[in-house]
Amino acid sequence: MPLSNFQPAPSALGRKVSLTLAGLTLLTTLSTALIAGLAEQRHEHARFLDLTRANASFVENSSLPPSLSLARKLSGVLGVAVGFRLPSGESIIGSGPPEIWAALLQKVPASGEGTCFTRGWELRVLPLRSGVEMLFARPAPNWRAAWAPSLFAALVIFPALALLPALALARDVVDPLQRLGAWLPQLRLEAVQNEPGVGSLPPALLNRQDEIGDLARALHQSRLCLSDEVHLRRQSERMATFGRMATSLAHEIKNPAAAIVLHTDLLRDPSGSATDRSVSLDAIRASADRIAALVHQWLFVVRPSPPRRELHDLRNLVTDTLTSLTDLARHQGVCLRETGRPEAPAPVRIDRLRIEHALRNVLVNACEAMPLGGGVEMEWMSVSPPSLRIRDEGPGFSPESLNRLGEAFYSTKEGGLGLGLNLVTEVMRAHGGSVQVENLVSGPGASVTLTFPEEATA
């Protein structure tokens, strides 16, 4: 299938890359916001500490007495609540909610500098040399609330922006890898054998100057090498096939050719009787028919063509085939018989020559399976549709032969062409029929059943 016909599946890798980059960006944004918030909180706390120390030092150095007026003025100037706690325990508060001050004063250390938090407020206590404690209070900074809008915007915008390079990465890396993955079936041996001229990668992948381009060029070169190997192997197989066919055909033709030469010499002998001449002529004719049958098999293998169907009486074809093999069967001590022959004609539309050759091949194989002689039965199983079963009394088929039946050039006979049952199968298949081969259960021997289609009798 050409690459232009490929329909890549949705890219799971592209989605993973995009989601991974967006997730990393989201985590980075959250981490940055957290670190920045903590840094801001630390900075604000340090400024608050510096502010309280500076103003406590100012009050102490100026010898100003702690009073409500001083606390209120300092509160207005500093922007934080300022107060004093006298050695007697009395508190002077300049500003701020009383309930907050009450809660804060409950947590103030008994003496010494310190800081406490409660109800969202921060209290700073600084002792003065006069024994008075100066108090500073402010709402604790809520950096989360201050940063919430910016953080929300960052969490939305930054991952969205991260999708842009993710999509670009998917288009530049994931999509080419997906196309390469869709193309990989072109490296299968079946694809190279069935479509040797297709499967080239697009130039956009082959011309890339990166690792993906290197991979594409390596795969493309592998496809070319594999295609060349398949071409060379086909040539080798074709030559080997021709060699086996030529060797087997020469072996098969040698015997009838030698018979023709022998009987031709006998005809030249003037002392021969008329009976001897008749026998020699019959032998020459039989040998010539055998050679013609072998050539016909050869032509059918190398140049198959549709059968030429004509209406014939199958009974006559069976009789003629059995008659033509009478001498061969007698020579091998085999008795040919026909059983179940119908009384009425059995018209079928067939290619007579091919069906005759198919029957002849089955009968000859049956005779050759019994070198010590025996019987071969041609049984009519049915007339509509026509079905013929040929049974012999030989040793039957071996398990390997049953598994390889119909395979061209496979033969258990020395010098056999290995086309007998293969041609029978192809001839019956071309007529729409079938061939069934099995060993007999009731005793030694095997059977071959030829069944013609119902439409052949129309």
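Condition check: modelled with pLDDT of 80 or more and closer than 29 Å to A33 by Cα. Does G120 satisfy that? So G120 fails the test.
From the list F409, F397, the one residue that fits, being among the aromatic types (F, W, Y) and modelled with pLDDT of 75 or more, is F397.
One residue alone among F158, F136 is surrounded by 15 or more Cβ atoms within 10 Å (Cβ to Cβ), among the aromatic types (F, W, Y) and modelled with pLDDT of 80 or more, and that residue is F136.
Yes/no per residue for (1) over 59 Å from the mean Cα position of the chain (by Cα); (2) at pLDDT below 80:
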residue	(1), (2)
I253	no, yes
T264	yes, no
R268	yes, no
A286	no, yes
R303	no, yes
P307	no, no
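Taking region 74-86 as the range and being out of contact with any helix residue (DSSP H, G or I) (no Cβ under 7 Å at 6 or more places or on another chain), surrounded by 14 or more Cβ atoms within 10 Å (Cβ to Cβ) and assigned to a helix (DSSP H, G or I) as the test, only S75 passes. If only residues of region 4-49 that are modelled with pLDDT under 65 and surrounded by fewer than 13 Cβ atoms within 10 Å (Cβ to Cβ) are counted, the one that is farthest from the chain's Cα centre (by Cα) is S4.
Within region 70-81, does at least one residue satisfy the condition of being under 18 Å from G131 (Cβ atoms) and either more than 58 Å from the chain's Cα centre (by Cα) or in contact (Cβ under 8 Å) with a residue 24 or more places away in the chain (or both)? Yes, because at least one residue in region 70-81 is under 18 Å from G131 (Cβ atoms) and either more than 58 Å from the chain's Cα centre (by Cα) or in contact (Cβ under 8 Å) with a residue 24 or more places away in the chain (or both).
All conditions but one from (1) surrounded by fewer than 17 Cβ atoms within 10 Å (Cβ to Cβ); (2) more than 23 Å from M370 (Cα to Cα); (3) in contact (Cβ under 8 Å) with a residue 40 or more places away in the chain apply to C335; the one that does not is (2).
The values are calculated or read from the model by the stated rules, or taken from the named source; none is laboratory data. What you see is a predicted model, and the numbers here were worked out from it, not measured in a lab. In this analysis, Cβ positions are derived from the backbone assuming ideal geometry, glycine residues included, and neighbour counts consider all displayed protein chains.
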